[in-house]
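The values are calculated or read from the model by the stated rules, or taken from the named source; none is laboratory data. Everything quoted here is computed from the prediction, not taken from an experiment. Positions of Cβ are generated from backbone atoms using ideal geometry, with glycine treated the same way; all protein chains shown enter the neighbour counts. Heavy atoms of the whole protein, side chains included, go into the accessibility calculation; ligands, DNA and RNA do not. Shrake-Rupley method; radii C 1.70, N 1.55, O 1.52, S 1.80 Å.
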Amino acid sequence: LTDPTFSVNALNALTQEAADPGALENSKRIVRSRLLFGPEGENEHYVDTMVLNAQGVVLISLAPKEEGINFADQSFFRQGSLGFYSGFANVPGFGTENFIVASPIYNSDGRMMRGVLVRRSNASTIKTVMETTPGFENAETYLIDKNYQPVSKTHTPADFIRTQASFAAI
């Protein structure tokens, strides 16, 4: 969001979404280019980056098949529109690539939220570390989200992990 070329063109795309199709496509092209070739090494950790409009619809994505999908019901959009968000998403199409960071995109005076920048990472490495506990065959290590839902495998399948340790950790 600190890259002025990205910010200006993302904001142009978000504010002129319906006005001028040619200008919109040009802004989208520039934004995709900045996302692909941004600061060195930054993109190697992300499998996708999306710009969602204020209604939660993907306006720009490095995976064009995602453009037009509505993520308004996802916490990464809802919370990312209010401030910085990081967490796991339970979106079937994301597979293991579901660790999300999101942040609001504001208009030029910083007063009105115009969209949300969403970056998605492959969480399989984190999950593998959490799911294997070498030398502790009787121990269990797992990762849960803030709603106490496991995001890595548990020895016994569970929808929620509500233990004294999980309450203390959250």
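Of all residues in segment 130-150, those being in contact with a strand residue (DSSP E or B) (Cβ under 6 Å, 6 or more places away or on another chain) and modelled with pLDDT under 75 number 1. Would segment 156-165 turn up any residue that is modelled with pLDDT of 80 or more, at positive phi and surrounded by 15 or more Cβ atoms within 10 Å (Cβ to Cβ)? No, the conditions are met nowhere in segment 156-165. Scanning segment 6-23 for residues that are in contact (Cβ under 8 Å) with a residue 12 or more places away in the chain and open to solvent by 50 Å² or more (accessible area, probe 1.4 Å) yields Asn12, Thr15, Glu17. Screening the candidates Asn43, Asn26, Asn70 for the property of being open to solvent by 20 Å² or more (accessible area, probe 1.4 Å) and modelled with pLDDT under 80 yields one hit, Asn43.
Checking each residue in segment 90-122 for being more than 12 Å from Val47 (Cβ to Cβ), over 8 Å from the mean Cα position of the chain (by Cα), without any contact (Cβ under 8 Å) to a residue 60 or more places away in the chain and buried (at least 17 other Cβ atoms within 10 Å of the Cβ) picks out only Pro104.
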